[in-house]
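See structure below.
The values are calculated or read from the model by the stated rules, or taken from the named source; none is laboratory data. Given the structure is predicted, the values throughout are model-derived calculations rather than measurements. Glycine gets a Cβ as well: all are built from the backbone with ideal geometry, and neighbour counts include every protein chain shown.
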Amino acid sequence: MDKSKTLKGNLDHAIDLFQKGAHEEAHNIFRDLIVIAPQTEMAWSGLGAVLRKLQKYDAAVTAQKHAHNLAPNSLSIKSNLVNALNNAGRHSEALPLAQKNFLANKGDVSFVKAYVKCLKGNCQAELAVEIVDAFVAEFGNDAELAVDVSLARLYLGQFTKGFEDFEQRFESGEVALNKKIEAKRWRGEDLGGKDVLVFKEQGFGDNIWFSRFLPALHREAGVVHMATQRPLLRLMSKFNGIDKLLEMNQINLDDYDYVLPICSLPKATKFSDKAPKPSPQPLNIPDDSRKRARTMLGRYKDVKKVGIVWTGSLTYKSNHLRSVDIKRFLKLAEIPNVQLISLYKGDAIEDLKTSGAEGIILDACSTDRDFADTAAIIDELDLLITTDTGVVHVAANMGKPVWNMVTYEGFWMYGAGTRTPWYPSMRIFRQPAEFDWDSVFETIEMELRDFVAN
């Protein structure tokens, strides 16, 4: 903070830094301002906004609540508080305020978006769709709002409209492509006889799930090549519906008529509400990966081998909501004739050591070369218990028994029940309320004891 500037001068400077993306610098100024001027609501709200950008969501909520207490009638502060609560996963707490903001400002798309996010988080998909349809009918389309509600439509089985709305992720800015790829991106053109490059998008699990639509594309297009991340290359090498599999750095865009992001496959193949659901793709597990897995797990042939994953990518903005403390699994490790096996690979592998679980839970995958190695480990397991990460899609794609622990809101393809038609071997263990992992693990422990006994 610049002591030569007035309070307003420092506040304006912090806001300017925030708008330019200098979040750490802005944070330092806002932090100092609330110390020297604790009754300044805009300093508190600015601090909350920058904490939200830094993905410190609970602290962001605290700051916005201070601002709201100081200025309870400020529309911008009420909006900021709702956004912080939504990011923190506290949708039920945000809902009453979001509803009030929406009802008082029905023509303001920002309040509609916040309300729709609250409704989705509270599993009120039908009302979310109704609100958006009414807004669009009166005020016209908004790309970001269309993407927000697309997942609610998919949850309700409205696949045609849901995937149509999901295509607006490029216009909304949610997905940014480089200029060369954007210039050749498919935008609804007829793909009959065309040479198409399907390329990776979003997470590993998304690429595995959406790949089931490749055969339908291949029946229509001329040549279909697919480019993906190196960790998936060996696993995907026997996929149906592609003529050639490439690594991302092998792409020559001049070879293709269109570039098709993999998450656009349902729209491109005209997948509709009542269409039969395509089957998962066959995954390739090379012999060297199988040998490695059997060597690692062969000593556990007399017990139930239960794989676990407690967290996903640490860079995913909602990872804090889907992840659990690894120490929760220690009670499962107490069950006789069970060996827990970690399938996690990434920076959070240190959790094994810091929790004291190292050795109790076998680290089987932190040195995996790729997902083919992971699939080989999965193939040796009796069961996988995991949070909703990419490993879920590998195991369920293979038809292995999977117990998927999901948040109260969950994800559209898992629906509202305990089974999903997309993955017949998967059971879904959903939080009965926001943040209630205790109930999930109590049920898991009981079910696992029965699984071992039977």
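So here's what we get for this one:
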item: Failed condition for Lys331, given (1) within 26 Å of Arg430 (Cβ to Cβ); (2) of a type outside the set (Ser, Thr, Tyr); (3) crowded, with 20+ Cβ neighbours inside 10 Å; (4) over 24 Å from the mean Cα position of the chain (by Cα); result: (3)
item: Test: residue in the range 112-129 that is in a helix (DSSP H, G or I), surrounded by fewer than 16 Cβ atoms within 10 Å (Cβ to Cβ) and within 27 Å of the chain's Cα centre (by Cα); result: yes
item: Conditions (1) touching a helix residue (DSSP H, G or I) at 6+ places or on another chain (Cβ under 8 Å); (2) under 25 Å from Val129 (Cα atoms); (3) assigned to a helix (DSSP H, G or I): number failed by Leu103; result: (1)
item: Meets criteria (in contact with a helix residue (DSSP H, G or I) (Cβ under 9 Å, 6 or more places away or on another chain), surrounded by 15 or more Cβ atoms within 10 Å (Cβ to Cβ), without any contact (Cβ under 8 Å) to a residue 60 or more places away in the chain and of a type outside the set (Lys, Arg)) for Leu154; result: no
item: Selected residue (only one of Asp347, Asp388 is within 17 Å of Thr311 (Cβ to Cβ), surrounded by fewer than 17 Cβ atoms within 10 Å (Cβ to Cβ) and under 25 Å from the mean Cα position of the chain (by Cα)); result: Asp347
item: So Lys244, is it farther than 23 Å from Gly188 by Cβ, out of contact with any Pro (no Cβ under 6 Å at 6 or more places or on another chain) and in the same structural domain as Asp382 (by TED's automatic domain parsing); result: no
item: Qualifying helices (runs of 4 or more DSSP H) (wholly inside the range 22-81; at least 3 residues being closer than 26 Å to Leu103 by Cβ); result: 41-53, 57-70
item: The listed residue being outside the structural domain of Ser211 (by TED's automatic domain parsing) and touching a Lys or Arg at 6+ places or on another chain (Cβ under 6 Å), out of Phe441, Phe429, Phe435; result: Phe441
item: Any chance Arg234 is in contact (Cβ under 8 Å) with a residue 60 or more places away in the chain, in a loop (DSSP other than H, G, I, E, B), surrounded by 15 or more Cβ atoms within 10 Å (Cβ to Cβ) and of a type outside the set (Phe, Trp, Tyr); result: yes
